């Protein structure tokens, strides 16, 4: 349980954020300058708010009214920055053990060997940081933060300095940490793809204020929040399970209570949970089930809500089983189809529109 209610002035920027969240990974999402880093710096004890409180699992780290302000080194918080910030004169093993030395043996519940194995660091232990790739450095930085035996892990844009292959690599490791170590994580990012893949709960920030808190699919799919979440990246998240693997065509069939999705091959076992992200701009709509088309994914749904734009676009939200699917179509199509709430429509999604990062382990 993460309970934050803080206020602070930074020159002309006023931070006034209040939220309560409980999830394996809480995504702190917003554009640059929204106040994300200011919030986690306050949680870490790097900055002291003028008012309010910060509680982790009902333990008060800061409470202005009660005069509580636990020093950073006693907050038991692991912090992974945008840059790895490794000690250049130490090898990987020494960097990993640096944080652990600050904890007594009775406080150590995360084993070094387990972290090395989870993060694939065994072959790197004798190397210096200048001999590591960007992705390897970040894995070491994550390992160092974990071996400080934290109650919670803060990750501030940890993929910002990495190229796409390295980002995918680190995302895989973060998912493994979530599943195997079960340490709560606050993950800061302005990337819709990262937040959609990793977060269970999202805290949406803008101009120092909290606009919304809730399940990632609900918050990121809300039409009224598009100016903040990003109109171009708008989409839907659907929790699915792997039903079949077509090794000949390199396709995976995902099922959920609203139907099935056929996507490029996902490296996951039958029955595995997979979170699929569908961009609104990749969804077409039809009033009748089409035939004789190449599109493999045709889903039946009912219009929940809609929002016609002043420009050329319109947004339509469908209930597909228990899931919500967003579609972005032209205003002309919106008028020609006479779209209205309660209308039955078919959503068409090209399999090829999915990219590897659009489907990740849930």
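Find the residue count for the range 15-34, including only residues that are modelled with pLDDT under 95 and more than 24 Å from residue 181 (Cα to Cα).
5
Here is a check on your reading of the model: is residue 78 within 21 Å of residue 195 (Cα to Cα) and modelled with pLDDT of 90 or more?
yes
Name the single residue, out of those in the range 335-362 being in a loop (DSSP other than H, G, I, E, B) and surrounded by 12 or more Cβ atoms within 10 Å (Cβ to Cβ), that is modelled with the highest pLDDT.
Filtering first and then ranking leaves 343.
Hand me the list of strands (runs of 3 or more DSSP E) wholly inside the range 41-97 holding 1 or more residues that are over 23 Å from the mean Cα position of the chain (by Cα) and exposed (fewer than 15 other Cβ atoms within 10 Å of the Cβ).
Here the list reads 51-56, 59-63.
Yes/no per residue for (1) touching a strand residue (DSSP E or B) at 6+ places or on another chain (Cβ under 7 Å); (2) over 27 Å from residue 234 (Cα atoms); (3) crowded, with 22+ Cβ neighbours inside 10 Å:
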{"site": "115", "(1), (2), (3)": "no, yes, no"}
{"site": "122", "(1), (2), (3)": "no, yes, no"}
{"site": "125", "(1), (2), (3)": "no, yes, no"}
{"site": "157", "(1), (2), (3)": "yes, no, no"}
{"site": "191", "(1), (2), (3)": "no, no, no"}
{"site": "200", "(1), (2), (3)": "yes, no, no"}
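Could you tell me whether any residue of the range 323-334 is free of Cβ contacts under 8 Å to residues at least 24 places away in the same chain and either within 23 Å of residue 216 (Cβ to Cβ) or assigned to a strand (DSSP E or B) (or both)?
Looking through the range 323-334, at least one residue is free of Cβ contacts under 8 Å to residues at least 24 places away in the same chain and either within 23 Å of residue 216 (Cβ to Cβ) or assigned to a strand (DSSP E or B) (or both).
Taking the condition of being under 22 Å from residue 197 (Cα atoms) and out of contact with any strand residue (DSSP E or B) (no Cβ under 7 Å at 6 or more places or on another chain), how many residues in the range 32-45 meet it?
Result for the range 32-45: 1.
For the range 174-189, how many residues meet the condition of being crowded, with 19+ Cβ neighbours inside 10 Å and either assigned to a helix (DSSP H, G or I) or out of contact with any strand residue (DSSP E or B) (no Cβ under 9 Å at 6 or more places or on another chain) (or both)?
Final tally of qualifying residues: 3.
The values are calculated or read from the model by the stated rules, or taken from the named source; none is laboratory data. Remember, it's a predicted structure, so these values are computed and weren't measured experimentally. Virtual Cβ from ideal backbone geometry, glycine too; neighbours counted across all protein chains shown.
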